Amino acid sequence: MPIMSAQQKNDARGTARLLALAASDSIQHPQAIPATREVVLNNMYRLLEAYRVTAFFGLEPSPRPYSARAADAISLLPRAERNVKDVKVAMEAAQAIAFPGQSKDEAMMAVARVLRGITYPANATKPSDEELANARRFFDEIVARLSS
Amino acid sequence: VTPLEFLREEVDNVRRALNETLRHDYGPGQGREYYIECDDRLAEIKKTVALTLASDRSTIQTLFNELRQLASWILLIERSHLGEFSWPFADQLKDMAVALLSETNLRGDVVKPLIHVVAEAEGYQIQYETQTATVSSRHPFVVIAFQRSLKNHALFHCLFGHELGHTALQTSAAGSVLNSEVIAAFASTGPLSTTAELNKWAKAPSGTDIADEYRESWLEELSCDLFGLVLFGPAFLAAHRTYLSPLDPDPYYIYFSDPTHPSYAVRHKMLRRAMELLGWHTTITNDAFEQEFLNYLLHDPFRSEFLVLDDAQLTRAIAGIHQVIRPLGALAYSPIPAEELRELVFMLARQIPPVRAQINPDGGVSLGEINVAQTLYAGWAYWIGRDKLSDPAPLNFFQTNRLCDLALLQQRAVNDTRRAGVI
């Protein structure tokens, strides 16, 4: 059995938390967005899109404590992510709080408009204060729920 | 060494690993973009590490994960050996993957995936980079893993159609259509509509009910089977039957402990019915060899209740898949004219790779364009129908596959030549 617990590998919760943290910080300090944030915010957008359109976002192979077969154990193919379902639950809860009564499509498109507005201000409409506040609340909720 | 210090050390270690790669020659177009993406990601991670506080243990853990993922991508680049898989097929698959899996970023720029091909012990896998993305990626990686033992068995490679379906389901453009038109159609009525309906249908023994996540898994697996059929045509069903049926001695068996896939009978019956709905159940040539091939595909000894989708569901789903694969254009399967199919099958019977290229009596050359799926249709039609041909020395299965693999290579050259207007 490997020395590291399977739970410590490829944990999707950490990535989602870090992306949401960067997005919230960028909304709070849009003038301070360094060029490097462009990459992180586009990855946050990718996560929003995956959550919005993937039929079974969070569906994972059933967890196995360790690879049952030698071929699995030494395969160099990347391991499947773990705990994506927790990310989905956190995003659903954050959506319900920040965008009550709105569909997933409406809510995620609203968040994407804000991300676009702060990442590429020259190419997008400036988000309103209310839109910024809702998007920030959405990201803060994700961070809070994935930090425990 | 504190956790943050160790993290910084790991950044340098991954940099050293990256510097030590790319000392060999790889397939054209593979190395440079892949290397640049790894290099950019490492630079991005390094910037984030520089801003991380020693007390922020969660971020440190996440960045360790990100670094180890990156290290695994770096290791993979040297695992790609042209001698271990069918690279003409891989090349075609890359074209399909780029057309199907490209997405747009916040600015509306098209983001193409970086396709990497390897061979594995358990192949016919496509791994799309993570549902939750990463902090540092610019272009997602897609790893296509051929089965090493089947390197020369071109006729099986259309099984990748199923895997492309899984991958397309995770993208925003193709995924949204597949979700709304295919998955929704499958879940609209019948045994797959709810978990209760599925358990009633499956007659699950007490205490072994199929959970909803497994119903979702069945919906996805059946969608991907149908995707593979529509993309690669009848050759997909031939490969599906030949590859999977030996693994299912009881075609009705449901592994209730971990029922990730429907039983084989469910899958075969759906594909068989879809063949009929697509109009692919009748011969193109009206020749005995092709009828024999179709008899093999359409053979269905399984109980009727294992057809879990009705015609309306399948028709709607097929239309949805057609919508998704439209950007592939001529890469997707369509039947070829009878004379062309006969010509290809007879070439195999003469132990010649089935390519649409002929030297005319006047010394000129005639070139015709066909796609991979059409070549594989001819290959399977020859193999299954060979007893109906007046064939003095029939090929064995390996030889048939080898000739088809050679044909994929030669046909690619023919297609490129025609498009370039050289001849």
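Every number in this text was worked out from the coordinates using simple rules, so none of it is lab data. The structure displayed is predicted, hence computed values, not measured ones. Quick reminder, even Gly has a Cβ in these numbers, built from the backbone with ideal geometry, and neighbours come from all protein chains shown.
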For B:Lys94, give me every one of the lysines with a C-alpha distance below 19 angstrom, ignoring sequence neighbours fewer than eight places off in its own chain. B:Lys112, B:Lys151
Quick calc: nm separation of the 7 Å Cα→Cβ label points for B:Glu122 and B:Ala420 -> 4.2 nm
Is there a quick way to get the dipole size of segment B:220-357? I mean about its Cα centre, with the Cβ of Lys and Arg at +1 and of Asp and Glu at -1; what is the value in debye to the nearest 20? 260 debye
Just the projected area, averaged over all directions, of the convex hull on the alpha carbon atoms of segment B:246-310: how many nm²? 5.4 nm²
Tell me the label-point distance for the pair B:Thr315, B:Asp40, using the 7 Å Cα-to-Cβ offset, in nm and rounded to one decimal. 4.6 nm
Whole-Hz Karplus ³J(HN,Hα) for segment B:96-110, in order, using 6.51 cos²θ - 1.76 cosθ + 1.60 and θ = phi - 60°, x for Gly and Pro? 5, 5, 5, 5, 8, 9, 5, 10, 10, 9, 4, 7, x, 6, 6
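Could you calculate the FRET efficiency of B:Ile359 with B:Ser72 from 1/(1 + (r/R0)^6), where r is the beta carbon distance between them and R0 is 51 Å, rounded to 0.05?
Values: r = 49 Å, r/R0 = 0.97.
The formula returns an efficiency of 0.55 here.
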Starting at the first residue of segment B:8-15, write each ³J(HN,Hα) from the Karplus equation 6.51 cos²θ - 1.76 cosθ + 1.60 with θ = phi - 60°, in whole Hz, x for Gly and Pro. 4, 4, 5, 4, 5, 5, 5, 4
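Count the net charge of all other residues whose Cβ sits under 13 Å from the Cβ of B:Arg41, scoring Lys and Arg as +1 and Asp and Glu as -1.
Details: positive: B:Arg15, B:Lys46, B:Lys47, B:Arg68, B:Arg138; negative: B:Glu33, B:Glu37, B:Asp39, B:Asp40, B:Glu44, B:Glu66, B:Glu129.
Net charge in that neighbourhood comes out at -2.
Express in nm, to one decimal, how much length is gained between B:Lys203 and B:Ala17 on full extension, taking 0.36 nm for each residue of separation and deducting their alpha carbon distance. Could you put the intermediate results ahead of the total?
Working: separation 186, 0.36 × 186 = 66.96 nm, distance 5.35 nm.
Full extension from B:Lys203 to B:Ala17 adds 61.6 nm.
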Within a 10 angstrom radius of the beta carbon, how do A:Arg113, B:Arg356 rank from fewest other beta carbons to most? A:Arg113, B:Arg356
Between B:Glu33, B:Glu163, B:Glu129, find the one with the highest GNM mean-square fluctuation for chain B; connect C-alpha pairs within less than 10 Å. B:Glu33
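Could you size up the charge dipole of segment B:1-126 around its Cα centre, putting +1 on the beta carbon of Lys and Arg and -1 on that of Asp and Glu, and report it in debye to the nearest 20?
Details: 14 positive and 21 negative charges, 59 e Å.
Dipole of segment B:1-126, to the nearest 20 debye: 280 debye.
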Projected label distance in nm at B:Ala196 and B:Asp109, using a 7 Å step from Cα toward the beta-carbon: 5.1 nm
Full extension from B:Ser188 to B:Lys47: what is 0.36 nm times the residue separation minus their Cα-Cα distance, to one decimal in nm? 45.9 nm
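Of the DSSP beta bridges with both residues in chain B, give the percent that are antiparallel, rounding to the nearest 5. Present the calculation step by step, with values, prior to reporting the outcome.
On the way: 9 of 16 bridges.
Taking every DSSP beta bridge within chain B, about 55 percent pair in antiparallel fashion.
Which percent, to the nearest 5, of DSSP beta bridges fully inside the protein assembly as shown are antiparallel?
Numbers: 9 of 17 bridges.
About 55 percent, rounded to the nearest 5.
Starting from the Cα gyration tensor of the protein assembly as shown, multiply each eigenvalue by 5, take the square root, and state the resulting semi-axes largest first in whole Å.
Values: eigenvalues 375, 161, 104 Å².
Rounded to whole Å, the semi-axes are 43, 28, 23.
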From the mean inverse distance of alpha carbon pairs (Kirkwood) and the Cα radius of gyration, derive Rg over Rh for chain B. 1.01
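Run the helix sum for chain B: -39,500 (n - 2.57) per DSSP H stretch of 4+ residues, divided by residue count, reported at 222 nm to the nearest 500 deg cm²/dmol. List each step's numbers first, then the result.
Details: 15 runs with 220 residues, N = 423.
Calculated from helices alone, the mean residue ellipticity at 222 nm is -17000 deg cm²/dmol.
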Partner chain coverage, peptide A:12-21 - average Cβ within 10 angstrom: 6
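Just want the ordering: B:Leu150, B:Leu169, from fewest to most Cβ atoms lying within 10 Å of their own Cβ. Provide the component values of the computation, followed by the final result.
Working: B:Leu150 19, B:Leu169 27.
With the sparsest Cβ surroundings first, the list reads B:Leu150, B:Leu169.
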Put +1 on the Cβ of each Lys and Arg and -1 on the Cβ of each Asp and Glu in chain B; which of B:Ala420, B:Trp73, B:Ala204 then has its Cα farthest toward the positive end of the dipole? B:Ala420
